[in-house]
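Notes for the one structure printed next.
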Amino acid sequence: MSKVLIVLLDGLGDRPSRSLNGMTPLQMAHKPGLDELAAEGITGIMDPVAPGIPVGSDTGHLSILGYDPYRYYTGRGPLEALGAGMDLRPGDVAFRVNFATVGDDWTVIDRRAGRISTEEARALGEAIREMAAGFDSEFRFEFLSTVEHRGVLVMRGDGLSDEVTDVDPHREGVKAEMPRPRSQTPEAERTARELERFLRRAREVLESHPLNVERVKKGLRPANAILPRGAGKMPKLPSLRERFGVSSVVIAGGALYRGVCRAAGMDVRIVPTATGTLNTDLNAKFNAAFESLRTYDLVFLHIKGTDTASHDRNPAVKASFIEKVDRELRARIDQLQDVVVCVTGDHTTSSIDGRHHGDPVPILIWGEGVRRDKVVRFDEVSCADGALGRIRGLDVMNVLMDLVGRVEMFGE
Ligand code: ZN
Ligand code: ZN
């Protein structure tokens, strides 16, 4: 059976830019490889969730993998924790966490703790884990630092609730309020209370940690608190193998994307030089993806730079990054035998205002047996004339899996 390769360019869709003569970065980019696939395949536009609904990468990815986010999305925390490599169990509550610098009254001075390095954060995280191992509570706490000031916190035990407020106020100069229950249930109250005790204890450990004492001496900001946000319970998703009988793997630099895919039962292939930024090692990522096609039925290659350039409000950088991706893909088109390729995005991110929007994104599907429409360019406007028409994120996986004979007939 044919294999499937999904190349997902994060935040690919865009809006016309005056600095690009009224074109979008994708329209502006010189991308003969993508245009060739569009010309030989079928194209369309896709609403990640629904027309006019701006989505995050988390809900957008769930939808494109075929999981209705209104049903399955339980918050970003558990997806980040899964992506960081933590093993979550049903009932666990997970949070995203920032190391931060806070004042005596928990006023947030620096949400990134003076740009603490990944290595420093790892040492502090180790101290928090030691403390957590002996922490006296009805719940277990697990902590992991990830990249720079970021980390994840998991609470485990019977009777937890994810209905607790964010401690991270999302801006500086404001007090970080201790967690409060968002519902009047004993579970939410217990969860908030125990989390507060843990955060206060973590602060004691951090304040007295030699690394922070040293930072203060040097005039640097100490990472003296951890601020959780985005509480969520581990979602229960039927795996792609259960749904379509396929083996699948993700290649992504960012933890969130790995996390969503892990929740869908996919394997994770780590490419050490994949950074999830504009400087990522595209060559290594494409090599890993093409290699993985030998052993997996479905390979999901996630590329973040397009979204990053959009958030930086830099349409020209976005266009040139698309050109880099195109060069990697074009160099390997000859290797695509018995592979159905899909190129799309998870949402529109405007490089004018740097925000996610509800505009549809272009999609192309290419491969043996795929109908050929009249569209010869891969961009937001051209693809609107494509024979796929306008589909939803939730349709993508069915369309692809049906092309490779993996969808069971409905009826007799
Ligand atoms: Zn995204
Ligand atoms: Zn974004």
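The values are calculated or read from the model by the stated rules, or taken from the named source; none is laboratory data. Being a predicted model, the structure only gives us computed values, none of them experimental. Backbone-built Cβ (ideal geometry, glycine too); neighbour counts: all protein chains shown. Each accessible area value is taken on the protein alone, full model and side chains, heavy atoms only, with ligands, DNA and RNA left out. Shrake-Rupley method; radii C 1.70, N 1.55, O 1.52, S 1.80 Å.
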Looking only at the stretch 309-335, how many residues end up being closer than 16 Å to residue 279 by Cβ, away from ligand 1 (no atom under 16 Å from the Cβ) and not acidic (Asp, Glu)?
5
Unique residue being at pLDDT below 95 and in contact with a His (Cβ under 9 Å, 6 or more places away or on another chain) when the list is 150, 115:
115
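Matching residues to (1) in contact with a strand residue (DSSP E or B) (Cβ under 6 Å, 6 or more places away or on another chain); (2) not assigned by TED's automatic domain parsing to the domain that holds residue 353:
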{"residue": "30", "(1), (2)": "no, no"}
{"residue": "44", "(1), (2)": "yes, no"}
{"residue": "66", "(1), (2)": "no, no"}
{"residue": "107", "(1), (2)": "yes, yes"}
State which residue is nearest to residue 149 (Cα to Cα) when the search covers only the stretch 252-274 and only residues that are in contact with a Ser or Thr (Cβ under 7 Å, 6 or more places away or on another chain) and of a type in the set (A, V, I, L, M).
255
Name every residue in the stretch 139-158 that is under 17 Å from residue 99 (Cβ atoms), touching a residue at least 40 places away in the same chain (Cβ under 8 Å) and part of a loop (DSSP other than H, G, I, E, B), in order of residue number.
146, 147, 149
Output the number of residues of the stretch 163-191 satisfying the condition of being surrounded by 12 or more Cβ atoms within 10 Å (Cβ to Cβ), of a type outside the set (A, V, I, L, M, F, W, C) and either touching a helix residue (DSSP H, G or I) at 6+ places or on another chain (Cβ under 8 Å) or not in a loop (DSSP other than H, G, I, E, B) (or both).
11
Just need a number here: residues in the stretch 336-349 that are of a type outside the set (Asp, Glu) and within 13 Å of ligand 1 (Cβ to nearest atom).
5
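Suppose we filter the stretch 200-229 for residues that are under 22 Å from the mean Cα position of the chain (by Cα) and open to solvent by less than 20 Å² (accessible area, probe 1.4 Å); how many remain?
Just the residues of the stretch 200-229 that are under 22 Å from the mean Cα position of the chain (by Cα), to begin with: 226-229.
Among the residues that remain, those that are also open to solvent by less than 20 Å² (accessible area, probe 1.4 Å) are: 226-228.
Residues in the stretch 200-229 being under 22 Å from the mean Cα position of the chain (by Cα) and open to solvent by less than 20 Å² (accessible area, probe 1.4 Å): 3 in total.
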Here are 306, 277, 273: which of them is within 18 Å of the chain's Cα centre (by Cα), open to solvent by 10 Å² or more (accessible area, probe 1.4 Å) and within 16 Å of ligand 1 (Cβ to nearest atom)?
277
Hits in the stretch 93-138 (condition: aliphatic (A, V, I, L, M) and either crowded, with 21+ Cβ neighbours inside 10 Å or not in a helix (DSSP H, G or I) (or both))
93, 94, 97, 100, 102, 108, 109, 113, 116, 121, 124, 128
In this structure, does residue 60 turn out to be more than 29 Å from residue 157 (Cα to Cα) and either surrounded by fewer than 24 Cβ atoms within 10 Å (Cβ to Cβ) or within 16 Å of ligand 2 (Cβ to nearest atom) (or both)?
yes
Spans of strands (runs of 3 or more DSSP E) in the stretch 337-412 with at least 3 residues open to solvent by less than 70 Å² (accessible area, probe 1.4 Å) and assigned by TED's automatic domain parsing to the domain that holds residue 26
339-344, 361-366
Filter the stretch 280-302 down to the residues that are touching a residue at least 60 places away in the same chain (Cβ under 8 Å) and within 19 Å of the chain's Cα centre (by Cα) and list them by number.
289, 298, 299, 300, 301, 302
In the stretch 257-268, how many are closer than 18 Å to residue 5 by Cα and either crowded, with 21+ Cβ neighbours inside 10 Å or small (Gly, Ala, Ser) (or both)?
8
